[in-house]
1. If R₀ is 25 angstrom, what is the calculated FRET efficiency for the pair Asp129 and Met150, using the beta carbon separation as r and rounding to 0.05?
2. From the backbone phi of segment 20-30, what are the Karplus-calculated ³J(HN,Hα) couplings (6.51 cos²θ - 1.76 cosθ + 1.60, θ = phi - 60°) in whole Hz, Gly and Pro given as x?
3. So what's the projected area for segment 105-164, the Cα convex hull averaged over all directions, in nm²?
4. Just to check I understand the Karplus step: with θ = phi - 60° and J = 6.51 cos²θ - 1.76 cosθ + 1.60, what whole-Hz values come out for segment 73-85, glycine and proline as x?
5. Between beta-carbons, use under 13 Å as the cut-off and find the net charge around Ile117, counting Lys and Arg +1, Asp and Glu -1.
6. Go through segment 130-147 residue by residue and turn each phi into a ³J(HN,Hα) via Karplus (6.51, -1.76, 1.60, θ = phi - 60°); whole Hz please, and just put x for glycine and proline.
7. Based on Cα positions only, what radius of gyration and what Dmax would you give for segment 85-131, in angstroms?
Amino acid sequence: MSHFLSYTVVYGTDGMKYGLKVLTTSYRIYLMRLVLLRPNVLATARQSFLHPGSPDSQASNSETQTPLVSSLRKELSNICIRAAISVISTFHTNLKSPYRLLGSSAVFVTLSAATVIIAASLVKELGVDLEGEGNIEVITQAFAILDGHMWHVEGARGAKELLQSFLKTVKRENKRRRNNGEF
């Protein structure tokens with residue numbers, strides 16, 4: 001699914017329609033995955049942030065957590081993270097193409113996707129490291145997307161500031177955890 005971009009570079013009216021349909025369908029799939037699975041990632045990250053020393057940061061009530069539920073939550077989180085990375089990569093690749101998504105939708109989805117990736121770094125079990133090469137690139141791409149929409153979306157500047165603030169808070173918490181040997 002993430003390699004569909006190679007099929008969008010087709011010349012002519014029919015090729016343009018085909019490429020746009022592929023991107024629109026992919027965008028909708030990514031959006032649905034983000035909308036449906038983002039609360040799971042954010043709740044897990046919140047739990048990990050509030051109770052970093054708990055043996056199972058994946059559950060809000062560890063007494064009711066079963067291995068199946070824990071495994072399912074982790075898999076759902078990983079699907080959401082992959083969707084977030086894919087949507088940011090897609091938007092960034094198409095930022096200057098006729099296939100780009102303009103407007104507040106692009107800002108909202110970019111902010112949502114970047115938030116998922118940053119929040120996931122709080123959960124040790126998900127294995128997201130903000131200092132890892134691929135994740136630095138994705139976060140940089142997210143900021144580039146927001147910068148690319150500053151000229152026509154009033155909320156893009158505020159979204160960028162919120163994302164910068166959230167990134168700073170999470171990096172500070174992850175650094176604290178590393179220094180204390182919790183990560």
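None of the figures in this text is laboratory data; all of them are computed from the coordinates on show. These numbers come from a predicted model, not from an experiment. Every residue, glycine as well, gets a Cβ built from its backbone with ideal geometry; the counts of neighbours run over all protein chains shown.
1. Working: r = 29 Å, r/R0 = 1.15.
Given R0 = 25 Å and the Cβ-Cβ separation, E is 0.30.
2. So the J values, rounded to whole Hz, are 5, 5, 4, 5, 5, 5, 4, 4, 5, 5, 4.
3. Numbers: hull surface 15.3 nm².
The Cα convex hull of segment 105-164, projected and averaged over all directions, gives 3.8 nm².
4. In residue order, the calculated couplings are 4, 5, 5, 4, 4, 5, 5, 5, 5, 4, 5, 5, 5 Hz.
5. Working: positive: Arg38, Arg82, Lys171; negative: Asp129, Glu131, Glu137.
For residues surrounding Ile117, the net value is 0.
6. So the Karplus estimates, Gly and Pro as x, are 5, 8, x, 4, x, 6, 4, 4, 5, 5, 4, 5, 4, 5, 5, 5, 4, 4 Hz.
7. 12.6, 39
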